[in-house]
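Below is one structure; the comments refer to it alone.
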Amino acid sequence: MAPLRTLAPALAALAFACSHPAPATAPAMTPAVPEAQQVPPQAAPAPTADQQFEALSHDFLEAYLRIAPTDATQLGDHRYDATWPDISPSGEAATRKWLADTRDRLAQLPRGGLSAQNQIDAAIIDDHVKSRLFELDELKALDKNPTLYTGMIGEGLDPLVSRDFGTKETRMTALRGRLEGIPALVAVARQRLGHPAKVETETAIAQNKGLIGLVEKELAAKFAEVPAQQAALTEAAKRAAAALHDFQGFLEKDLMARSDGTFRIGAEKFTKKLGFALGETVDPDELVKNARDYLKQTQEEMVETAKTVWAEDKLGKLPKLDTADQRKQFVKQVLDHLAKDHSTNQTILADAKKWLDKATAFVREHDLVRVPDEPVAVIEMPEYRRGVAIAYCDPSGPLEATPQTFYAISPTPSDWPKARVDSFYREYNQSMLADLSIHEAMPGHYLQLMHNNQFKSKLRGVFGSGPFIEGWAVYGEWLMAEHGFGGARVKLQRQKMMLRVAANAVLDHEIHAGNMEEKDALALMKGEALQEDGEAVAKWKRARLSSAQLSTYFYGFLEHYKMRKAAETKPGFNERAYHDRVLSYGSPAMKYIRELMAK
């Protein structure tokens, strides 16, 4: 059967052909109205500012979904599931024209006449246009970073094999289209990639191996579920696998040999990118100073929490705590004590589910915020999506008719030595896994993003703000600890996570706007943020692979926290009502949510 989109014109023609024929006899004539009594036609009223914006917003979102089909799939619009973005030079030229046309239409829009919500959405479109042009014209990442290609392929294939939207037949039809497009996508990558950083090529090599395993081995079971398409899918997978093997050779031999580029984007570009990431102009130096101050403040707060754990677990007489070094060593001693209670590769998924269930019950019991009805499942992170973060929330998109959210956890890779595995699980012990489950799921990303999907403006759901989303998840950790979830053990790990959040902002700045090297980065993470060696090594890698994103957690949390504290001072403050209202506006930048909550 042909894809539904190719059948649409034929079905439309058939509907026209089957419409009722014109009557054989003419209808009765209506008496003519004398000319003097005729009323001149009234001109249609000019569209209001809001009507003009609604048309612009509709056109912008439609074009975006067509130009970014893998994003459209993730967001829940499945019209373009069989296609890939056109990332060739001609495709980029078309994207630039679309962005320029949108900018011109925005300039002609009478923004002062827009409703408050539409003014925010117009600004969000403007921000996206500027950010995208900055990426295309200044960052030029597709010429430098091979992980963008492996990431794009993984994100384009994953929803078609892991989610349940549509039918098996429609998903497999789309999968066939994407498999058939991989050779062309890889050809563009080979043509464009110049001199990436070594860490980027190394990561792409590992991710591409995962893609090869997916296409060559894992997809066969999916193909067998649709016998009518099995042969065509198998053939498409063979061609895709051959292209990926060819790409693997290119990455390992050709590109690795010239992977002498820098992973740093430099102070000027970092400042610009940070402004786009945070949604407002922020002094990077001031932000990193605040992060360093917060790091020191949290270290002192952890001493009191550690004392509580020490007493509750009957660990003996308290050691001397007169000096800063003695206090730091005491906190590390208590963290080492908690680290003994940890999962394994065989139990981590079940343990994460246990903590998710407990957190969900706790949020309901304390009536903290509306709990979504949409389902969420704990899954093992696919191999081809590993290498950057230990866990992620993969939510239903705001355009998705079939809600289905995944909280993904990455067990340790099979080639890790025992010492590194042990270090990983000391870091992600039971108390830290509880905090991670709060962040990724309840009441963190999963809960917030399901609220986000209910907002009437789908544009705002599509272009969510990183600081709002990440900041809410970190705020959720604070909220649960404040209400006593998991007791002092989880609170101590939450405070340790805040050390990480603050250190991440420092890393982000010092690596990309400065010259921080691995030695100093590890000293910060292990010595000041009290992280295990395995976590610190992995974060050094992540910080080099991304820029401006690691700052969103710290900045977003501070803004959420300050907004909450200000709200508490107002008469009639109700925590549940406050949270539901914060989450009722989608995921706008923090400057917009501050405005909305102040009204």
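Going by the conditions given, is Asp101 in a helix (DSSP H, G or I) and surrounded by fewer than 20 Cβ atoms within 10 Å (Cβ to Cβ)? Answer is yes for this residue.
Scan the range 449-458 for residues that are outside any loop (DSSP other than H, G, I, E, B) and surrounded by fewer than 21 Cβ atoms within 10 Å (Cβ to Cβ) and the total you get is 1. In the range 224-237, the residues that are closer than 12 Å to Leu175 by Cα form Cβ pairs under 9 Å with partners that are part of a loop (DSSP other than H, G, I, E, B) and of a type outside the set (D, E, K, R), at six or more places apart or across chains, as follows: Gln229/Met1; Leu233/Val226.
When Arg96, Arg79, Arg66 are checked against the criterion of being assigned to a loop (DSSP other than H, G, I, E, B), out of contact with any strand residue (DSSP E or B) (no Cβ under 9 Å at 6 or more places or on another chain) and charged (D, E, K, R), Arg79 stands alone in meeting it.
Looking only at the range 341-368, filter to residues that are in contact with a Lys or Arg (Cβ under 8 Å, 6 or more places away or on another chain) and not hydrophobic (A, V, I, L, M, F, W, C); which one of those is farthest from Met442 (Cα to Cα)? Only one residue fits best here, namely His342.
Return yes when Glu380 is touching a Pro at 6+ places or on another chain (Cβ under 7 Å) and more than 20 Å from Asp71 (Cα to Cα) and no when it is not. Yes. Would a scan of the range 362-382 turn up a residue that is out of contact with any Leu (no Cβ under 6 Å at 6 or more places or on another chain), part of a helix (DSSP H, G or I) and open to solvent by less than 40 Å² (accessible area, probe 1.4 Å)? The answer is yes; a qualifying residue exists. Residue pairs whose Cβ atoms lie under 6 Å apart, sitting 6 or more positions apart in sequence or on different chains, and linking a residue in the range 207-222 that is crowded, with 22+ Cβ neighbours inside 10 Å and β-branched (Val, Ile, Thr) to a partner that is at pLDDT 95 or above and part of a helix (DSSP H, G or I), are Val215/Ala237; Val215/Ala240; Val215/Ala241. For the range 524-563, a tally of residues being outside any helix (DSSP H, G or I), over 18 Å from Ile511 (Cα atoms) and of a type outside the set (S, T, N, Q) returns 2. Taken together, the criteria place Lys296 among residues that are in a helix (DSSP H, G or I) and either of a type outside the set (Gly, Ala, Ser) or out of contact with any Asp or Glu (no Cβ under 6 Å at 6 or more places or on another chain) (or both). All conditions but one from (1) modelled with pLDDT of 95 or more; (2) surrounded by fewer than 19 Cβ atoms within 10 Å (Cβ to Cβ); (3) in a helix (DSSP H, G or I) apply to His195; the one that does not is (3). Here Leu255 fulfils each of the conditions (1) within 23 Å of the chain's Cα centre (by Cα); (2) open to solvent by less than 30 Å² (accessible area, probe 1.4 Å); (3) of a type outside the set (Asp, Glu) apart from (1). For residues that are of a type outside the set (Asp, Glu) and touching a Phe, Trp or Tyr at 6+ places or on another chain (Cβ under 9 Å), scanning just the range 133-143, find the one that is farthest from Gly194 (Cα to Cα). Going through the qualifying residues, I end up with Phe134.
Across the range 491-513, not a single residue is classified as farther than 21 Å from Leu287 by Cβ and in a loop (DSSP other than H, G, I, E, B). Condition test on Phe468, is it in a helix (DSSP H, G or I) and either within 20 Å of the chain's Cα centre (by Cα) or crowded, with 20+ Cβ neighbours inside 10 Å (or both)? Yes, satisfied. When Thr281, Thr298 are screened for being open to solvent by 80 Å² or more (accessible area, probe 1.4 Å), out of contact with any Phe, Trp or Tyr (no Cβ under 8 Å at 6 or more places or on another chain) and β-branched (Val, Ile, Thr), only Thr281 passes.
Selection of the range 140-157 for residues being crowded, with 17+ Cβ neighbours inside 10 Å and either within 27 Å of Met590 (Cα to Cα) or free of Cβ contacts under 8 Å to residues at least 40 places away in the same chain (or both) yields only Leu148. Residues that are assigned to a loop (DSSP other than H, G, I, E, B) and either modelled with pLDDT under 95 or open to solvent by 60 Å² or more (accessible area, probe 1.4 Å) (or both) within the range 317-346 comprise Lys317, Leu318, Lys320, Asp322, Thr323, Lys340, Asp341, Ser343, Thr344, Asn345, Gln346, listed in sequence order. The single condition among (1) under 20 Å from Leu185 (Cβ atoms); (2) out of contact with any Gly (no Cβ under 6 Å at 6 or more places or on another chain); (3) open to solvent by less than 20 Å² (accessible area, probe 1.4 Å) that Gly249 does not satisfy is (3). If you go through the range 565-599 and keep only what is touching a Lys or Arg at 6+ places or on another chain (Cβ under 9 Å), in a loop (DSSP other than H, G, I, E, B) and surrounded by fewer than 20 Cβ atoms within 10 Å (Cβ to Cβ), you end up with nothing.
The values are calculated or read from the model by the stated rules, or taken from the named source; none is laboratory data. All of these numbers come straight from a predicted model, not from anything done at the bench. Every residue, glycine among them, receives a Cβ derived from its backbone with ideal geometry; neighbour counts consider all protein chains shown. Heavy atoms of the whole protein, side chains included, go into the accessibility calculation; ligands, DNA and RNA do not. Shrake-Rupley method; radii C 1.70, N 1.55, O 1.52, S 1.80 Å.
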